[in-house]
1. Within segment 130-162, which residues are touching a Gly at 6+ places or on another chain (Cβ under 9 Å) and surrounded by 18 or more Cβ atoms within 10 Å (Cβ to Cβ)?
2. Of the residues 140, 151, which is modelled with pLDDT of 95 or more, of a type in the set (Gly, Ala, Ser) and farther than 29 Å from residue 54 by Cβ?
3. Looking at segment 55-64 only, could you name the residues that are assigned to a strand (DSSP E or B) and surrounded by fewer than 17 Cβ atoms within 10 Å (Cβ to Cβ)?
4. Return yes or no: is residue 19 of a type outside the set (Gly, Ala, Ser), in a strand (DSSP E or B), within 18 Å of the chain's Cα centre (by Cα) and under 22 Å from residue 93 (Cβ atoms)?
5. Go through segment 97-129 and report how many residues are under 15 Å from residue 159 (Cα atoms) and in contact with a helix residue (DSSP H, G or I) (Cβ under 8 Å, 6 or more places away or on another chain).
6. Is it the case, given these coordinates, that residue 18 is of a type outside the set (Phe, Trp, Tyr), touching a Leu at 6+ places or on another chain (Cβ under 7 Å), at pLDDT below 95 and under 30 Å from residue 137 (Cβ atoms)?
7. If we scan segment 99-113, do we find a residue that is closer than 17 Å to residue 10 by Cα and surrounded by fewer than 19 Cβ atoms within 10 Å (Cβ to Cβ)?
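The values are calculated or read from the model by the stated rules, or taken from the named source; none is laboratory data. Being a predicted model, the structure only gives us computed values, none of them experimental. FYI the Cβ positions are ideal-geometry reconstructions off the backbone, even for glycines, and counts take in every protein chain you see.
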Amino acid sequence: MRAKPEPMQVIKERRDGALLRLVKAVPYIGFMGISFDRRGDELTATMAYSDMLIGNPAVPAIHGGATAAFLETAAIIELAWADIWAKIEMERLSGAEIAALPIPTFPKTIDFTTDYLSVGHPRDVYARARINRSGRRYASVHVEAWQDNRSKLVAQATGHFLMPSKDG
């Protein structure tokens, strides 16, 4: 006899809780005003506008360093989320079991190249990361950022990361 499936709300709460726990493990994410919205296994990062993000008050434009940091954060969280997603879905961990998991070791940046495509205006910025390759030791990720229209990118980046050891 088959087990009764979990209610969708329970599954959603478990997944959202795992993502929130992951994001809260990095205080810098909160400092930068970055949040993540989950739809299934896809994440959209949002960097909420703040005056502290402005690099050139004459334009005004979001500082390139803030933009690059946002893109790199989106890439690292995407890699960590992919690992957690596989674990919580394949092993069907409960919310309590997820809470008991150790905070994962995050990937380390090998290199990160950002292309600035247009001015980052003083408003929220959104980003999505796509994992091109992720192996035992190395991962390659592409990230795109936009503001009002996803087809008009503010910046894009490609990063290569050293993946944490699975041995402990």
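1. 139, 141, 143, 145, 147, 154, 155
2. Selected residue: 140, the only one of 140, 151 that is modelled with pLDDT of 95 or more, of a type in the set (Gly, Ala, Ser) and farther than 29 Å from residue 54 by Cβ.
3. Residues satisfying the conditions are 55, 56.
4. It is false that residue 19 is of a type outside the set (Gly, Ala, Ser), in a strand (DSSP E or B), within 18 Å of the chain's Cα centre (by Cα) and under 22 Å from residue 93 (Cβ atoms).
5. So the count comes out to 9.
6. On the way: of a type outside the set (Phe, Trp, Tyr): yes; touching a Leu at 6+ places or on another chain (Cβ under 7 Å): no; at pLDDT below 95: yes; under 30 Å from residue 137 (Cβ atoms): yes.
No; evaluated as a whole, the condition is false for this residue.
7. Yes, some residue in segment 99-113 is closer than 17 Å to residue 10 by Cα and surrounded by fewer than 19 Cβ atoms within 10 Å (Cβ to Cβ).
So that you can scan it fast, the table gives a plain yes or no per residue for (1) loosely packed, with under 15 Cβ neighbours inside 10 Å; (2) in contact with a strand residue (DSSP E or B) (Cβ under 9 Å, 6 or more places away or on another chain); (3) part of a loop (DSSP other than H, G, I, E, B); (4) touching a residue at least 60 places away in the same chain (Cβ under 8 Å):
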| position | (1), (2), (3), (4) |
| --- | --- |
| 38 | no, yes, no, no |
| 43 | no, yes, no, yes |
| 46 | no, yes, no, yes |
| 66 | no, yes, no, no |
| 70 | no, yes, no, yes |
| 80 | no, no, no, no |
